[in-house]
Amino acid sequence: SLYFDTPTLDDYYDKAGGFLRRKKIRVRIYAPYLINAILNPHTEIWLEKKEKYEMLVSKKRVCLTREDYDHLLYGSRLDLVQRYPLFLPLLTHGMRPTVMVRYLREPFVSSHQSNLRITFDSSIEAGKTHDLRFPPPMTFVAKNMVIMEVKFAHSLPFWFHRILQEFNLSRISFSKYTESMETLSSYHPIPR
């Protein structure tokens with residue numbers, strides 16, 4: 001994923017500050033853990049906007065052509081934003097790429113409940129770059145941790161509540177973008 005933020009890192013500070021309403025805009029590829037995956041012409045490139053209000057999460061995305069991707073990074077974004085107005089902040093807030101985050105994901109989808117999805121993310125790494133085609137030296141984020149995300153549409157199934165209780169699991173907030181920015185800030189301090 002290549003995360004975008006404003007020149008004053010508004011999205012980072014909204015999350016770090018614990019604001020209830022926040023957003024993230026990113027370019028993402030879902031491909032094997034390869035450095036040159038984006039160079040493969042069959043790799044889909046997604047532009048995503050993830051919005052969060054308290055515990056409610058909404059994610060909207062569009063598949064970009066290679067030309068759209070180049071315009072997003074190096075050209076005029078006007079045509080892209082006219083076609084997909086939900087990405088207007090890219091223009092109005094002068095958003096630019098801030099950090100690349102990559103990780104291994106193991107997804108599990110319930111065969112009985114189509115709205116339940118559990119993912120395990122590991123080997124999270126981050127680096128400063130402006131283009132997924134030019135991966136930077138990467139730094140491990142949350143080393144030796146595995147992040148479990150539970151995604152559901154309406155309510156968490158009863159059987160999963162039992163698992164949480166049995167293993168004394170509790171919900172904690174974890175943002176790959178925020179953690180990546182803070183990990184890299186030891187090299188490029190973020191003003192506070």
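Rolling a 1.4 Å sphere over the protein heavy atoms, what is the accessible area per residue of the chain, to the nearest Å²?
The answer is 61 Å² per residue.
Which of Leu72, Phe19, Val99 sits farthest toward the positive end of the charge dipole of the chain, with +1 on the Cβ of Lys and Arg and -1 on the Cβ of Asp and Glu?
With unit charges placed on the Cβ atoms, the residue in question is Phe19.
What are the ³J(HN,Hα) couplings of segment 96-101, residue after residue, when phi is run through the Karplus curve with 6.51, -1.76, 1.60 and θ = phi - 60°? Round to Hz, x for glycine and proline.
Per-residue couplings from phi come out as 9, x, 10, 7, 9, 10 Hz.
Mind giving me the FRET efficiency for Ser111 and Ile163? R0 is 22 Å, r the Cβ-Cβ distance, nearest 0.05 is fine.
For R0 = 22 Å, the calculated efficiency reads 0.85.
Could you tally up the Lys pairs in segment 50-192 with alpha carbons closer than 17 Å? Skip any pair fewer than 8 positions apart unless they're on separate chains.
Lysine pairs, 8 or more places apart or on different chains, close enough: 13.
Taking θ as phi - 60°, what are the ³J(HN,Hα) couplings along segment 138-155 by the Karplus curve (6.51, -1.76, 1.60), each to the nearest whole Hz, with x for Gly and Pro?
Working through the residues one at a time gives 9, 10, 5, 10, 6, 4, 6, 10, 10, 9, 9, 10, 10, 10, 8, 8, 10, 9 Hz.
If the only charges are +1 at each Lys and Arg Cβ and -1 at each Asp and Glu Cβ, what is the size of the charge dipole of segment 116-192 around the Cα centre, to the nearest 20 debye?
Magnitude of the dipole: close to 120 debye.
As a test of the formula, what do you get for the chain when each DSSP H run with n ≥ 4 contributes -39,500 (n - 2.57) and the sum is divided by the residue count, at 222 nm and rounded to the nearest 500 deg cm²/dmol?
It comes out at -6000 deg cm²/dmol, rounded to the nearest 500.
For the chain, what % of the accessible area comes from carbon and sulfur atoms, probe 1.4 Å?
Result for the chain: 57 percent of the exposed heavy-atom area is carbon or sulfur.
Just want to confirm a number: the relative contact order over the chain, from Cα pairs under 8 angstrom separated by 6+ residues, in percent.
19 percent
Only one of the listed values, [x] 17.3, 65; [y] 17.4, 53; [z] 19.9, 62, was derived from the coordinates as Rg and Dmax of the Cα atoms in Å; which label is it?
Only one option fits the structure, namely [y].
Could you compute the longest span of the chain free of chymotrypsin sites (Phe, Trp or Tyr not before Pro) located in DSSP loops and having at most 13 other Cβ atoms within 10 Å, not counting the site residues?
34-166
Which residues' amide hydrogens lie under 5 Å from the amide hydrogen of Asp5, considering only partners 5 or more residues apart or on another chain, with H built in the peptide plane?
Long-range HN contacts for Asp5: Arg96, Thr98.
The values are calculated or read from the model by the stated rules, or taken from the named source; none is laboratory data. In this text the structure is predicted, and so the values were computed from the model without any measurement. Note that we place each Cβ from the backbone using ideal geometry, even for glycine, and neighbour counts take in every protein chain shown. These area figures cover heavy atoms from the full protein model, side chains too; ligands, DNA and RNA do not enter into them. Shrake-Rupley method; radii C 1.70, N 1.55, O 1.52, S 1.80 Å.
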